[in-house]
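Below you'll find the structure, written out as structure tokens, and then a few comments.
The values are calculated or read from the model by the stated rules, or taken from the named source; none is laboratory data. Remember, predicted model here, so these are calculated numbers, not experimental data. In this analysis, Cβ positions are derived from the backbone assuming ideal geometry, glycine residues included, and neighbour counts consider all displayed protein chains.
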Amino acid sequence: MPDSDDRPSPRSAASVSRSVQGNDPDGAGPPSAGRALVILPVLTTHPDDGNAAVRQPDARLSEAIALAQAIRLEVPHAEVIRIARPDPATLFGRGTAERIGGMVEAFHADLVVIDHPLSPVQQRNLERRCMAKVIDRTGLILEIFGERAHTREGQLQVELAALTYQRSRLVRSWTHLERQRGGFGFLGGPGESQLELDRRLIAERITRLKSDLEEVRRTRKLHRSARQRGGTPLVALVGYTNAGKSTLFNRLSGAGVTAEDMLFATLDPTVRRIVLSSGKTMALSDTVGFVSELPTQLVAAFRATLEEVQAADLILHVRDVSHPDTAAQKADVDSVLADLGIDAINDSRVVEVLNKTDQMPATARGALHMRLANQRMMEGEERAVAVSALTGEGLDDLLELLDRRVSAERQVLELSVNLSDGRALAWLYEHGQVLDRRDEDGQAHLHVALAPADAARFESRFVGQESR
């Protein structure tokens, strides 16, 4: 039956309930930002569409707790609450909403984190019934990003995402709120003055941010073009947050990028040059970590950064193979790559780096290496390598793979492209090295150095246009 006005007992409403230790029981480290309850709603009627990579509620709850702790929130209690039918007013129903309010009082919480999208009406009603601040998953992730972004580019991207999220709520019901919401202040506490919400000012600020980010995008494109003219291939790291991308980045490049056992420890994009054993130079790019149900505002705001992935000669998908939800995390990353036009299964640029093998049992680690060896024999192409970025195990194999891939000789092709086909010409300049060009009779006659994969992509994308 759907959740109704009756007051269910804690055990009838929750399948997983957990008391969580504070972030720093010894009192060392940065101070707590407050006490938060973490609630994970699970829709019992929600189909899994036959997806074998569906996360288990306990693992999802653990991730939600880690997200809250990423911004120094103490989590005295976390719970999964099953919902037969979402209530338009509170998501849970009045009885369960009141029970959450009782938990707020019992655990002396300042904040309730609902690991699920909330409509503005649901958020407002829950705040009234719980007598505490309530934020949803999107608000929490934006809060983390707002705290972690340090470069100008990162701050611009996060502010754009936050204001886009805020504006959508202003249109609906934020004029009712009693406490301030704005910028990165989703966690603002009671007693703060109400923010005078002006849609026009927010719209103007969003326009300025988009303009600034467009300039960032143009600058990145110039840098990519300069690298390509110099023959420097770009290798991009992607992966689920906390999969170990930054640790691997530091191992390979020697850069001092922040690498902690924490979700979204690194947000600001970083590029470093690496000289391989063959003497070939490559550019290694560390990107923002992905997460399940990544807010669409963030995907849009980080477009300039994610274009580095689209333009990469090689994409290293770093996976935490020791994580119980590694298959589901892979599916989430593949989904984001698909949104960028990258088919993780069929695109030969994508190589899986199976990280954190040091945290696997010896038998599972041995089985993994055997499976990879069999795949290499059967497919003839290495699409995955097992490593531990922490201990260094397997990194020599990864570097050899990188050397083979990026040291592949570029093909010098003689192409004739119609001068009116601006898209094809722009694509060649962006992805290849134009060695010579002569324009006559309405045609651009070029000698272009292209990697084999790029040559195949050019032929596939512009076939039938008499480009050759």
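The single residue among ALA149, ALA106 that is more than 15 Å from LEU40 (Cβ to Cβ), modelled with pLDDT under 85 and aliphatic (A, V, I, L, M) turns out to be ALA149. Filtered by the rule that a residue be at pLDDT 80 or above and either outside any helix (DSSP H, G or I) or buried (at least 16 other Cβ atoms within 10 Å of the Cβ) (or both), the stretch 458-468 gives PHE458, PHE462.
Within the stretch 197-216, not a single residue is at pLDDT 75 or above and closer than 23 Å to GLN411 by Cα.
Check ALA255, ALA265 and return the single one that is outside any helix (DSSP H, G or I), out of contact with any Cys (no Cβ under 6 Å at 6 or more places or on another chain), at pLDDT below 75 and surrounded by fewer than 18 Cβ atoms within 10 Å (Cβ to Cβ).
Numbers: ALA265 fails: surrounded by fewer than 18 Cβ atoms within 10 Å (Cβ to Cβ).
Answer to the selection: ALA255.
Picking from residues in the stretch 423-448 that are at pLDDT below 85 and surrounded by fewer than 18 Cβ atoms within 10 Å (Cβ to Cβ), the one that is nearest to the chain's Cα centre (by Cα) is GLU430.
Within the stretch 105-152, being under 30 Å from GLU215 (Cβ atoms), surrounded by fewer than 22 Cβ atoms within 10 Å (Cβ to Cβ) and acidic (Asp, Glu) holds for one residue alone: GLU147. Evaluated against (1) in contact (Cβ under 8 Å) with a residue 60 or more places away in the chain; (2) of a type in the set (Lys, Arg); (3) out of contact with any Ser or Thr (no Cβ under 6 Å at 6 or more places or on another chain), LYS356 falls short on exactly one condition, (3).
Counting just the residues of the stretch 306-321 that are crowded, with 18+ Cβ neighbours inside 10 Å and acidic (Asp, Glu), which one comes out farthest from GLN166 (Cα to Cα)? Going through the qualifying residues, I end up with ASP313.
Residue-wise test of (1) in a strand (DSSP E or B); (2) of a type in the set (S, T, N, Q); (3) without any contact (Cβ under 8 Å) to a residue 60 or more places away in the chain.
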site	(1), (2), (3)
ASP403	no, no, no
LEU413	yes, no, yes
SER420	no, yes, yes
LEU425	no, no, yes
LEU428	no, no, yes
ARG437	yes, no, yes
LEU446	yes, no, yes
ALA449	yes, no, no
ALA456	no, no, yes
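Taking ALA331, is it assigned to a helix (DSSP H, G or I) and either touching a strand residue (DSSP E or B) at 6+ places or on another chain (Cβ under 7 Å) or modelled with pLDDT of 75 or more (or both)? It is true that ALA331 is assigned to a helix (DSSP H, G or I) and either touching a strand residue (DSSP E or B) at 6+ places or on another chain (Cβ under 7 Å) or modelled with pLDDT of 75 or more (or both). Restricting the search to the stretch 80-104, which residues are farther than 24 Å from GLU63 by Cα and buried (at least 21 other Cβ atoms within 10 Å of the Cβ)? Selection gives GLY93 alone. Restricting the search to the stretch 283-305, which residues are among the hydrophobic types (A, V, I, L, M, F, W, C) and surrounded by fewer than 20 Cβ atoms within 10 Å (Cβ to Cβ)? Answer for the stretch 283-305, where residues must be among the hydrophobic types (A, V, I, L, M, F, W, C) and surrounded by fewer than 20 Cβ atoms within 10 Å (Cβ to Cβ): VAL299, ALA300. Within the stretch 126-144, being among the charged types (D, E, K, R) and in contact with a strand residue (DSSP E or B) (Cβ under 9 Å, 6 or more places away or on another chain) holds for GLU127, LYS133, ASP136, ARG137, GLU143.
Considering every residue within the stretch 358-372, establish whether at least one is at pLDDT 90 or above and surrounded by 21 or more Cβ atoms within 10 Å (Cβ to Cβ). So far as the stretch 358-372 goes, no, none of its residues is at pLDDT 90 or above and surrounded by 21 or more Cβ atoms within 10 Å (Cβ to Cβ). Within the stretch 271-321, the set of residues being over 19 Å from PHE249 (Cα atoms) and assigned to a strand (DSSP E or B) is empty. Cβ-Cβ contacts under 7 Å between residues 6 or more apart (or on different chains), taken from a first residue in the stretch 367-392 that is on the phi > 0 side of the Ramachandran plot to a second residue that is surrounded by 10 or more Cβ atoms within 10 Å (Cβ to Cβ), are listed as GLY392/ARG251.
For (1) under 22 Å from ARG224 (Cα atoms); (2) of a type in the set (A, V, I, L, M), each residue gets a yes or a no:
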position: SER416; (1), (2): no, no
position: SER420; (1), (2): no, no
position: ALA424; (1), (2): yes, yes
position: TYR429; (1), (2): yes, no
position: LEU435; (1), (2): yes, yes
position: ARG438; (1), (2): no, no
position: HIS445; (1), (2): no, no
position: LEU450; (1), (2): yes, yes
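Would you please name the residue that is nearest to the chain's Cα centre (by Cα), looking only at residues in the stretch 109-133 that are more than 20 Å from ALA64 (Cβ to Cβ) and either not in a loop (DSSP other than H, G, I, E, B) or not hydrophobic (A, V, I, L, M, F, W, C) (or both)? Checked the stretch 109-133; the qualifying residue nearest to the chain's Cα centre (by Cα) is PRO120.
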